[in-house]
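Trainee: For reference, the structure I am asking about is given below.
The values are calculated or read from the model by the stated rules, or taken from the named source; none is laboratory data. Only a predicted model underlies this, so the values are computations on that prediction, with no experimental measurement involved. All Cβ positions, glycine included, derive from the backbone under ideal geometry; neighbour counts span all protein chains shown.
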């Protein structure tokens, strides 16, 4: 277990997004993403903001601040990667957090990726029109 005064690092991933999360003790649950407050980074989209802040809803988790560097993917993938990274960092602190994060499903990596385009087809699954005669 890590001491309460240490800075913790964790990596979160979702689709093609990668988030490097640094948890800072003696905070109040604030999240800074790429040097911007989370509300400004996600431009007031409550779904993504709630997704990112959901690991801090666990009891006692709001005493940490998070500084995040996120690259790749789109806005939804980045929000999911940040949530995954914050949950992994909190799980390193204490078994109490690990159980809470596991119960909510935050520690499971969502491995769904975009399917590749196949040759002889216009898209991944779409086919060219078939003409019998």
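Trainee: Mind counting the residues in the stretch 60-79 that are touching a strand residue (DSSP E or B) at 6+ places or on another chain (Cβ under 9 Å), surrounded by 19 or more Cβ atoms within 10 Å (Cβ to Cβ) and not in a loop (DSSP other than H, G, I, E, B)?
Mentor: Residues meeting the conditions: 6.
Trainee: Within the stretch 50-68, track down each residue that is over 11 Å from the mean Cα position of the chain (by Cα) and in contact (Cβ under 8 Å) with a residue 12 or more places away in the chain.
Mentor: 56, 58, 59, 60, 61, 62, 63, 64, 65, 66, 67
Trainee: Can you pull out the residues in the stretch 15-31 that are under 22 Å from residue 72 (Cβ atoms) and either at pLDDT 95 or above or in a loop (DSSP other than H, G, I, E, B) (or both)?
Mentor: 15, 16, 17, 18, 19, 20, 21, 22
Trainee: Identify the residue in the stretch 35-53 that is exposed (fewer than 13 other Cβ atoms within 10 Å of the Cβ) and assigned to a loop (DSSP other than H, G, I, E, B) and, among all such residues, is modelled with the lowest pLDDT.
Mentor: Among them, the one singled out is 44.
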